[in-house]
Amino acid sequence: MSTNTIISKSPLLKGSGLPSFGEISAESVVPAFNQLLAELDQELTTLEANVKPTWNGLVEPLEKLTEGLNWSWGIVSHLMGVKNSSELREAYESVQPHVVQFSNKLGQSQPIYNAFKALRASDAWAKLEESQQRIVEAAIRDAELSGVGLQGEAKERFNAIQMELAELSTKFSNHVLDATKAFSMTLTNPEEIEGLPPSLVSLAAQAAQAAGEENATPENGPWRITLDSPSYGPFMQHSTRRDLREKLYRAFITRASYGELDNNPLIERILELRQELAKLLGFETYAELSLASKMAPNVQAVESLLEEMRRASYDAAIKELEELKAFAGSKGAPEANDLQHWDISFWAERQREEKFAFTAEELRPYFPLPQVLDGLFGLVQRLFGITITPNDGQAPVWHEDVRYFQIANETGQPIAYFYLDPYSRPEEKRGGAWMDVCINRGKVTENGVTTTRLPVAYLVCNQTPPIGDQPSLMTFNEVETLFHEFGHGLHHMLTKVEYAAAAGINNVEWDAVELPSQFMENWCYDRPTLFGMAKHYQTGEPLPEHYYQKLLAAKNYMSGSGTLRQIHFSSLDIELHHRYRADGGETPKDVRSRLAETTTVLPPLPEDSFLCAFGHIFSGGYAAGYYSYKWAEVLSADAFAAFEEAGLDNEQAIKATGKRYRDTVLALGGSKHPMDVFKSFRGREPSTEALLKHNGLVAAA
Ligand SMILES: [Zn+2]
């Protein structure tokens, strides 16, 4: 054979096509990436030296470069999630910093940034398609947000701020972690664990054992209750000991707010630095900087949405609290007329048990995986005219339980593929569920022939595997999760965009990306869809009607309080990143107290230091972006309402609406601004009306 026999190419460096999972080993990761990153670095240097401000001279070679990296790195990241091992983790950790470094170098390349700007200013600009223009605009924007446009002192200051912010955010989350660990409550008397479910009692005995109580048992204790959510949450819901709930609650709300782990000074510093960063980049406030890369056009639009939701949920939340008091009173609770923060979860849980007496387990026999898949595939065929067929054996897989499917269009032509890895494998697979990109749709030209590369998705869930000849039986929650992830998958797979950088979920603004996924969840409550798949796996008996009624009612249980809580967090986040100033005479905590007057029905205690543990905005990626949860829900509910308005039992209308949804929301991906995409589907801007209606909240006039 040719020279290829000497330098046989690593399966991790193939760079295109389906990954050969069987041939990829943990040992091959480090050498493959050493080689790949060296090659890419060389290619980047060459590109920087020869870059032309044209599509062919800039975007195409750049896309080839990033696709090469994404192809290989995507496989390693994927295997980290589904086939983890200490060897792979070690290889991943040693390679990851270099991958990040290279991506930063690419994102901050001055010659490439200049070429993008020159392309935008050239005569060729007007001839580019809208999707091409959006790819260029996004590249310029992202480069500018990473400081490329700055010079001299401003650039140095920018980098120094970035560095300090990174340190502060790590410190912030470490403080929360340490403060959470620092508190515990060891219970020794069986009266102190009254009401707790067996799972929590076992967990608490196990925690006591780990803390040195060698003889701790679930039966005799001692039991250690902590502020970790699997311990804190169930304890607040179930402990009948009001005094202990209060003690635990007070410890929880003062985490990281005093002593060595005090996050208060960090919060002030983070807000101050973010404001300075925004100014350096030419924005008035950090909230404006955050929105520059999101769907929401400006702070005002976010605030008016939050205000609409607030008005609609406030009275409902008050009413829910009154109902809860009455319920507690009916059970003879002495505290009924004076419910405190540490009573809410407890009584809400008692009321829930009484109103919707069923457990998640009871529904499992009605949702065997094969039936649920039939239901899901049937639904998308009905809505979007696509046909899904098993294609097992046509693609290498990483585990024998993994399935492979093909999606075909109306004429039977394949348009996409996906893997489904449904079952939990705790020894090697991360928990939760997700959709990830395996291959992006895109135009490929080889030897003068241009073809379209079809998209491939990974769909990963974590449900109970089949036992003997009993199929995998799903909870309703798992069914919703599968529909949710499949919605992300459809966004990726039904795209018609031919430029990978804007195909599917790529280049879709962060606050819009959950539209297609949450949209699919709605169908789990649609009567024909649900009853079409919910049949007892042994008897074929359909899901009893009373369960359906309870599912519907449980969905909106205390939805006023739940919505108001999200509005409280979102408004606080925006206010702190938009109007708060270090020298403005108000501390961040004062800001919270002020907003609490209109966004809570039970005001926070004076010592409540929620902000000190608000990791989403101080150590996660949600700064001036917490509103995105509600924003995306508004979009998905409104999109679903288009089907309701068309008539859920009008087959003709459903098909037409489904086609329009497929041609806009699912087809356009990141090639258009999400507001334009939404408007092209709905014929108008999004409205909160549908979400409020679905949540059982009526908009205030
Ligand atoms: Zn999602």
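The values are calculated or read from the model by the stated rules, or taken from the named source; none is laboratory data. Because the structure is a prediction, the values reported are computed rather than measured. So basically every Cβ, Gly included, is an ideal-geometry build from the backbone, and we count neighbours across all protein chains shown. Each accessible area value is taken on the protein alone, full model and side chains, heavy atoms only, with ligands, DNA and RNA left out. Shrake-Rupley method; radii C 1.70, N 1.55, O 1.52, S 1.80 Å.
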- Item | R0 of 45 Å, Cβ-Cβ distance Gln209-Asn50: FRET efficiency to nearest 0.05 | 0.10
- Query: Where does helix 152-182 land angle-wise versus the long Cα axis of the chain, in degrees 0 to 90, nearest 10?
  - Reply: 40
- Shape box of the range 81-206 [Cα atoms, principal axes, largest first, Å]: 80, 38, 33
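With respect to the cross-link table entries Lys105/Lys181; Lys279/Lys589; Lys355/Lys429; Lys83/Lys655, which display a Cα-Cα separation exceeding 32 Å?
From the list (Lys105/Lys181; Lys279/Lys589; Lys355/Lys429; Lys83/Lys655), the Cα-Cα distance tops 32 Å for Lys105/Lys181; Lys355/Lys429; Lys83/Lys655.
If you roll a 1.4 Å probe over the heavy atoms of the protein chains, what accessible area per residue do you get for the chain, in Å²?
Averaged over the residues of the chain, the accessible area is 45 Å².
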- Message: With a cut-off of 8 Å between alpha carbons and a minimum separation of six or more residues, what is the relative contact order of the range 510-642 in percent?
- Response: 41
- Message: Taking the Cα centre as origin and putting +1 on Lys and Arg beta-carbons and -1 on Asp and Glu beta-carbons, what dipole magnitude results for the range 189-300, to the nearest 20 debye?
- Response: 340
- Item | Between the range 326-344 and the range 574-607, the alpha-carbon center distance in angstrom | 28
- Please state the charge dipole magnitude for the range 260-306, taken about the Cα centre, from unit charges on C-beta atoms (+1 on K and R, -1 on D and E), reported in debye and rounded to the nearest 20. 260
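With N set to the residue count of the range 268-399, report its C-alpha Rg divided by 2.2 N^0.38 Å to two decimal places.
Values: Rg = 25.4 Å, N = 132, 2.2 N^0.38 = 14.1 Å.
So the Cα radius of gyration is 1.80 times the expected 2.2 N^0.38 Å.
So how strong a dipole does the range 52-210 carry about its Cα centre when Lys and Arg Cβ are +1 and Asp and Glu Cβ are -1, to the nearest 20 debye?
600
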- Message: Below 23 Å, Cα to Cα, which lysines can Lys672 reach? Residues fewer than 8 away in the same chain don't count.
- Response: Lys64, Lys117, Lys127, Lys294, Lys443, Lys496, Lys630, Lys659
- Query: Can you tell which of Ser472, His399, Val444 lies farthest toward the positive end of the dipole of the range 393-547, using +1 and -1 charges on the Cβ of basic and acidic side chains (Lys, Arg; Asp, Glu)?
  - Reply: Val444
- Expressed in angstrom and ordered largest first, the alpha-carbon extents of the range 572-649 along the principal axes are 57, 28, 21
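Starting from the Kirkwood radius over alpha-carbon pairs of the chain, derive D by Stokes-Einstein at 10 °C in a medium of 1.306 mPa s and give it in µm² s⁻¹.
56
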- Item | Most positive-pole-ward Cα, Ala553, Ala502, Tyr525, against dipole of the range 446-568 from beta carbon charges | Ala553
- Relative contact order in percent for the range 1-126 (Cα pairs under 8 Å, 6+ apart) equals 35
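Counting DSSP beta bridges with both partners in the chain, what percentage is antiparallel, nearest 5?
Approximately 80 percent, going by the DSSP bridge assignments.
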- Where the centroid of each part is defined by its Cα atoms, how far is the range 129-188 from the range 427-476 in Å? 30
- Along the charge dipole of the chain, which of Tyr258, Gln101, Gly562 sits closest to the positive end, that is, farthest toward it, with unit charges on the beta carbon of Lys, Arg, Asp and Glu (+1, +1, -1, -1)? Gln101
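Using a 1.4 Å probe on the protein chains only, how many percent of the accessible area of the range 78-160 belongs to carbon and sulfur?
49
Taking all protein chains in place and a 1.4 Å probe, what share, in percent, of the accessible surface of the range 488-625 do carbon and sulfur account for?
Details: 2740 of 5020 Å².
Of the solvent-accessible surface of the range 488-625, carbon and sulfur hold 54 percent.
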- Message: Suppose a student asked you for the relative contact order of the range 553-622, using Cα pairs under 8 Å spaced at least 6 residues apart; what percent would you report?
- Response: 30
- Computed Rg/Rh of the range 161-260, alpha carbon atoms with Kirkwood Rh: 1.08
